[in-house]
Amino acid sequence: MNLFSTASHLLEKLRAAGHTAYFAGGCVRDMLLGRAFHDIDIATSALPQQIEKLFSRTLPIGAQFGVMLVLEQQHQIQVATFRHDGRYEDGRHPTKVAFSTPQEDAKRRDFTINGLFYDPKTQEVFDYVDGQADLSHGIIRAIGNSRKRFLEDKLRLLRAIRFATVLEFEIEENTWKSLCQLAPQIHSISEERIRDELQKILLSPHRLRGFDLLDQSGLLKAILPEIENLKGCEQPPEFHPEGDVFLHTRLMLSMLPEESSLPLVLSVLFHDIGKPATRRVDAHGHMRFYAHDQVGAKITEKILQRLRFPNKIIEAVIPAVRLHMSFKDVPQMRLSTLRRMMARPTFEDELELHRVDCASSHGILENYYFLLQKRKEFSTHLLLPPPLLTGQDLIELGMKPGPQFGEILQSIRDAQLEGIIMSKKEALERVLYLNNRAMNPGEQRKLTNTHSSKKELPLMNKHSLFLNQIRNL
Ligand code: ATP
Ligand code: MG
């Protein structure tokens, strides 16, 4: 049974036991809008103990608030007793709740579009907060006094912007005014909750609108002051006719594909975050942002840690920020360097970051097309094929591990990635060549300058062994 049928079945069971029960809140909003819903919540007159008795598998997830999780088939459905909230003291949670009526339960919810109940059997909507009208006009309006509602729970500040973004709705005037006034108080909620809402805004295809609403309301300044700091950070107009770093970043955001990964959107937001701190004007009046990519990567790490993003996300964003300037050098790169770059797990997002970086500034996409061409060329074979030689092969040849050992392997690997050698035979011949060079004291320095002790040099006198190995291949 799918989620809808399972939840409808639960509803029938509650009603058969004499209780009132409806689908409630966000799922009703999404069903009426014809949008996909990912969870269904049920609101009912049944008390937690009665819910527990009625269903075989239940979990009390907020029993003091009357919220039970009912496990049915493979689905988890929240079943909550109609309630109204008591006083809020911490800016997020009510101190106590009282079980009550559907009317009261609708009024404790945040926005009118989230305050609807629905009977899936009769398709009847129960609307105690004029939510249907706002839903059809595309309006986010706080239920009751907006200032009071935001003061109760500051998470609602961000939820308002999230719904306005994802649904492309307008925020009603009074709701907007209160939101802007209270934006600086967002910090009374946890960074994790801020992150979750921010993430939903940034992943929306309408993320630019979300970014602008965050900016205009003052929430951006409160949550990400580092981005606010990009405003007025002037750049050379010949490379950046679009304006300062903030405008450049915003323009990039507008150029991203609708479906963009979270690391990509975050990389766009933070790729130039190191510019304000590194901005210098030299004696000729040229602006420089020396090492802004390195500095930016450090700032990015701090921000993402502060917002408690998972390590997997942080580890994908940092290289994209730290290495974004290397894309300007790709036509001059050695093939081995290029292949290593293209084999990075973050490469696809880095390439897209580079595209929007160029497209939103000077507009020169030469290197982007160069990389697309390379990607096509390499698509038929592995970017990083297994190495032709390993350390074990060198040990078997009688070499002792040491710095030169690593250098030889690296050099063989580079030659392989550059297409200079293709087989193990050619690799061993190259080892022999490198070895010969190392034996020549003049050449030795070229191979390594950290190593001088003769007895630690790799195998010098076993050419016959090499040759045998090569012949045997
Ligand atoms: P989504 O599930 O898409 O994140 P949602 O509106 O369904 O959005 P949930 O967290 O699933 O959000 O909450 C379900 C319902 O509970 C909401 O629609 C709303 O009626 C109510 N609700 C959730 N969070 C709050 C809150 N902070 N203040 C008041 N009511 C809330
Ligand atoms: Mg929901």
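Values for this structure:
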item: Cβ-defined net charge surrounding Arg92, 10 Å radius [Lys, Arg +1; Asp, Glu -1]; result: -1
item: Value of Rg to Rh for segment 216-271 (Rh from inverse mean 1/r over Cα pairs, i.e. Kirkwood); result: 0.99
item: Which of Glu315, Glu350, Glu152 has the fewest Cβ neighbours within 10 Å, and the rest in rising order; result: Glu315, Glu152, Glu350
item: Per DSSP, loop GluC sites (Glu not before Pro) in segment 198-236 with at most 15 further Cβ within 10 Å; result: Glu234
item: Semi-axis lengths (Å, descending) of the ellipsoid that matches the C-alpha gyration tensor of segment 333-404; result: 36, 13, 10
item: Segment 3-137 - Debye-derived log10 I(q)/I(0), Cα point model, q = 0.08, 0.10, 0.18, 0.22 Å⁻¹; result: -0.19, -0.30, -1.01, -1.43
item: Projected label distance in nm at Gln64 and Ser5, using a 7 Å step from Cα toward the beta-carbon; result: 4.0
item: Compactness relative to 2.2 N^0.38 Å, alpha carbon Rg of the chain; result: 1.35
item: Helix-only mean residue ellipticity at 222 nm for the chain, each DSSP H run of n ≥ 4 adding -39500 (n - 2.57), per residue, nearest 500; result: -15000 deg cm²/dmol
item: Spatially proximal lysines relative to Lys328 (Cα-Cα < 24 Å; intrachain offsets below 8 disregarded); result: Lys275, Lys298, Lys374, Lys376
item: Per-selection Rg to Rh, segment 101-204 - Cα, Kirkwood hydrodynamic radius; result: 0.99
item: Loop-located trypsin sites (Lys or Arg not before Pro) in segment 324-406, at most 12 other Cβ atoms within 10 Å (DSSP); result: Arg334
item: Ranked Glu259, Glu396, criterion: other C-beta atoms within 10 Å, fewest first; result: Glu259, Glu396
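FYI, it's all coordinate maths here, none of it is from the lab. From a predicted model like this one, the values you see are computed outputs, not experimental measurements. Methodologically, a virtual Cβ is constructed for each residue, glycine included, from the backbone with ideal geometry; neighbour enumeration extends over all protein chains shown.
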